[in-house]
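The values are calculated or read from the model by the stated rules, or taken from the named source; none is laboratory data. Note that the coordinates shown come from a computational prediction; the quantities given were computed from them, not determined experimentally. Quick reminder, even Gly has a Cβ in these numbers, built from the backbone with ideal geometry, and neighbours come from all protein chains shown.
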Amino acid sequence: MTSTARAAQSANGQADSSTPATSPTTETSASSRSRLATLARSHGRDVAVCLAFAALAWWITHGLWPNPNGRVLALNPEDQTLYEWFLAADTKFVFGDWGLLTDRLNAPDGVNLLNNTTVIALGTLFTPVTLAFGVPVTFALIAGTNLAGTAIAWYLFFSRVLRGSRAASALGAGLCGFGPGIVSQNNSHLHMTAQWLVPVMVWLVIRLARAADPAARPEGVDRRRVVTSALWLAAVVTVQVFIGEEVLFLTAVTMVILAIGYGLARRDHFRRVLPKFAAGMGIAVCVAGAVLLYPLWFQFKGPGSVPNGVFSAYFFSADLLSFTAISPLSVLGSSEAARLSTGSAEYNTFLGWPLILVATGCVIWLVREPLVRAVSATGVLMAWLSLGPKMVIDGDRTSIPGPYLALVGLPVVEGALPMRFALTLLPLVATLLVISFDKARAHRSRPVRLLVPAAVVVSLLAIFPKPLPTADRPPLPQFIAGGHWRECVKPGGVLVPVPLPTPAEPWAMRWAAAADAEFGLPEGFFIGPYGKRGRASMGTYKRPTSQLLALVAKQGGRPEIGEPQRRAAREDVAFWGASCVAVASDQPHREDLVATLEALFGPSTKITDAWTWKVA
C-alpha cells in the first residue's frame with residue numbers, strides 16, 4: 001500500500017470515528033424545523049385568506065371612508081341614524097349605567113333597550129373607538145368587521161371542524177360572510193350581520209355531540225367535555241343575546257331541524273348519542289337561562305315592553321321568484337330585481353339561479369351522504385318558511401298557505417321576519433359546496449374533478465358583491481359638534497331639537513349620538529308600546545307642540561299662536577322634562593320655525609349656529 005493510500009485510509013478512518021453520518025440529535029432538530037416550516041406555511045396561508053376577507057369587507061364598505069362623519073349608507077340612512085344612536089347609548093354600560101331602560105330617548109318614558117335591536121355588546125366593546133373618534137367611525141368599523149369576522153369564523157369552522165380543504169373552506173366562508181343576504185343586511189342592520197359567533201355555537205354543539213358519543217373513544221362518553229361544551233355554549237349564547245337575538249333565534253331553529261334530520265339519517269348514532277347530548281344541552285339551557293332570566297323578563301314584561309312583533313309577517317314574506325334572482329347589490333345584478341323584495345336591506349333570498357342549480361346538482365350527486373341529506377332538507381324547510389304565511393309569486397300575494405302560517409302570532413317567533421329565515425341558507429348551502437368541492441377533487445373521474453369545482457366557483461362569482469352605495473350627509477351644527485349645547489342643557493337633561501325626531505325622519509337623533517347620548521330627546525325612532533291597547537308601535541304619538549312644529553318644518557308658514565298653544569307648549573316641555581329647545585341654522589323653513597317658537601316661548605338666544613330657548 002502506498003503512502004498516499006495509507007494517508008487516505010487514515011483520514012477516512014478518522015473522519016468515520018469522529019463525525020458520524022447522522023445523529024439522533026440532528027434528525028430531531030431537522031424534523032422539528034421541518035414541522036415548524038410546514039406549520040408556518042399553513043398558518044401563513046390561513047392568514048392570507050383572512051386578510052383577503054378583510055380586504056373584501058373594506059371594499060364593500062369603503063364608501064364610508066375616509067370620512068364616516070360625512071358619509072351615510074344611501075339605501076338606508078334612517079336605520080344608520082338609529083344604530084349610531086344605539087352605539088352612542090351603549091357607551092353608558094362601560095361607566096356602570098347598566099339599566100335596560102334608557103331615558104335618553106322618548107323622554108320621559110324612555111325606551112326598553114332589549115325590545116330594540118341595540119347591539120349592546122358591540123356598542124360596549126367599541127366604546128373606546130366611539131369616545132375617541134365619534135360614533136360614525138364606530139358604525140363604519142363594525143359594518144366592515146361584521147362581514148370579515150363572519151367569513152373568518154366560518155372559514156375556521158369549515159377548515160378545522162369539517163376538515164375541508166383550504167380552497168373549499170374559503171369559498172364556503174366567502175358565501176357565509178359576503179352572500180347576497182348578509183351584504184344586503186349590511187345596509188345598517190348591524191344586529192343581523194354580526195354572525196361571527198354562529199359558527200362558534202355550531203362547533204360547540206358538534207363538540208358536545210362528539211363528546212356524548214360512547215363509541216367515539218375507548219373510555220366511552222367524555223363527561224368532562226360534555227360539561228365544558230355545555231358551559232361554553234351557554235356563555236356564547238348569552239353574549240349573542242346582547243348582539244342580536246334574531247340571529248340567535250334563527251340559528252337555534254336551524255340547528256334543531258338539522259339535528260333532527262341528521263338523527264333520522266343516522267338513527268343508530270342518534271340513539272347512542274342522545275342521552276348524554278340531551279343532558280349537556282340541558283346544562284347549557286339551565287345556565288344560560290339563569291344568567292338571562294332578568295334580561296329576558298325585562299324584555300318581555302318590564303317597562304316599555306311590547307306584547308307582539310311590530311312588523312307584519314304577511315308583508316315581510318319572500319317572493320318565490322327572488323330565489324333565482326341575482327341581487328341588485330351583486331356585480332351581475334340588476335336594479336329591476338329589487339321589486340321582488342320589500343327593501344334594499346332584505347335581499348335575503350337572492351341566491352341567483354346559478355347557485356341554485358349548482359347546489360341542487362350537489363345534493364343529487366351526494367344524496368347518500370347523511371350530512372348532505374340533513375343539510376338539504378333543512379335548507380328546503382327554511383326556504384319554505386321564508387315565504388311567509390301566504391306565498392308571494394312575482395309580486396302577487398296569493399292565497400297559497402305556507403308553513404309559517406302556523407307560527408303567526410306566536411310569542412317570540414313573530415319577532416323574526418319570515419323572509420329572514422332565508423339568511424340561514426347561506427351557511428347551509430356553503431356546507432354543501434365545501435363537501436362537494438372536496439369530494440370532486442378526490443374523485444377518480446377527471447371531468448368530475450374539473451367540472452364540479454369550476455361550477456362552484458362560477459356560481460359564486462355570479463353573486464359576487466359590489467360596494468354598498470353611499471352618499472354625503474350634512475355636517476352637524478356647530479352647536480352640537482363644538483359642545484355648545486352644554487350652554488343650554490346640562491348633561492343628563494333633555495334637549496328638544498326642532499323638528500323632533502320620528503321613525504321616518506330621525507335625523508335629530510344624530511345630535512344626541514354625536515354627544516354620546518349625554519342628553520335625552522323626546523319622541524324618536526324606536527319600538528315601544530304605543531299602538532292600540534298597548535301593542536307595539538314604531539315611535540310614539542306626537543304631542544300638540546311637536547305636531548305643530550313638524551307641520552311648520554315641513555310646509556313652512558307661521559301659524560297663529562294664542563294662549564291655548566302657549567299653554568300646550570308649557571305643558572309639553574314640562575311633560576318631557578326639557579331644559580332647552582333648539583333650531584339649527586341649516587334647518588329648512590328655519591325663519592318660520594324661529595318665529596313660531598318665539599311666539600310660544602319668547603325671545604331666542606343664539607348660540608353659535610343655533611337659536612335656543614331655555615324652558616326649564
Which members of segment 80-104 meet the condition of being closer than 16 Å to L521 by Cβ and among the aliphatic types (A, V, I, L, M)?
-> L82, L87, A88, A89, L101
Could you please let me know if R444 is assigned to a loop (DSSP other than H, G, I, E, B), basic (K, R) and either surrounded by 14 or more Cβ atoms within 10 Å (Cβ to Cβ) or modelled with pLDDT under 95 (or both)?
-> yes
Selection within segment 584-613 - under 17 Å from R543 (Cβ atoms) and in contact with a Ser or Thr (Cβ under 9 Å, 6 or more places away or on another chain) = L597, L600, W613
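For segment 303-316, does any single residue satisfy the condition of being assigned to a helix (DSSP H, G or I), in contact (Cβ under 8 Å) with a residue 12 or more places away in the chain and touching a strand residue (DSSP E or B) at 6+ places or on another chain (Cβ under 9 Å)?
Checked against the condition, which is being assigned to a helix (DSSP H, G or I), in contact (Cβ under 8 Å) with a residue 12 or more places away in the chain and touching a strand residue (DSSP E or B) at 6+ places or on another chain (Cβ under 9 Å), segment 303-316 yields no hits at all.
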Quick one: in segment 400-412, of everything that is modelled with pLDDT of 85 or more and touching a helix residue (DSSP H, G or I) at 6+ places or on another chain (Cβ under 9 Å), which residue is surrounded by the most Cβ atoms within 10 Å (Cβ to Cβ)?
-> Y404
Residue list for segment 557-616, filter: of a type in the set (S, T, Y) and over 15 Å from L500 (Cα atoms) | S585, S604, T605, T608
Can you name every residue in segment 111-155 that is more than 13 Å from the chain's Cα centre (by Cα), over 21 Å from L171 (Cα atoms) and hydroxyl-bearing (S, T, Y)?
-> T124, T127, T130, T138
Could you say which residue among A284, A288, A212, A279 is buried (at least 16 other Cβ atoms within 10 Å of the Cβ) and closer than 23 Å to W154 by Cα?
-> A284
Would you check which residues across segment 503-518 are closer than 24 Å to R486 by Cα and in a loop (DSSP other than H, G, I, E, B) and list them?
-> P506, W507, A508, A515, D516, A517, E518
Residues that are touching a residue at least 12 places away in the same chain (Cβ under 8 Å), under 17 Å from L425 (Cα atoms) and not aromatic (F, W, Y), drawn from segment 376-402 | S376, A377, T378, G379, L381, M382, A383, L385, S386, L387, G388
Could you grab the pairs with beta carbons closer than 6 Å, sequence gap of 6+ or different chains, first residue in segment 567-581 and in contact (Cβ under 8 Å) with a residue 12 or more places away in the chain, second one among the basic types (K, R)?
-> D572/R543; C580/K614
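For P475, indicate whether it is in a loop (DSSP other than H, G, I, E, B) and either farther than 22 Å from D90 by Cβ or of a type in the set (S, T, Y) (or both).
yes
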Matching residues, segment 601-616, being of a type in the set (S, T, N, Q) and either within 41 Å of the chain's Cα centre (by Cα) or buried (at least 16 other Cβ atoms within 10 Å of the Cβ) (or both) | S604, T608, T612
All conditions in (1) under 27 Å from Y541 (Cβ atoms); (2) touching a residue at least 24 places away in the same chain (Cβ under 8 Å); (3) within 30 Å of the chain's Cα centre (by Cα) are true of A508 except (2)
If you go through L381, L405, L410, the only one that is within 21 Å of I257 (Cα to Cα), out of contact with any strand residue (DSSP E or B) (no Cβ under 6 Å at 6 or more places or on another chain) and not in a helix (DSSP H, G or I) is L410
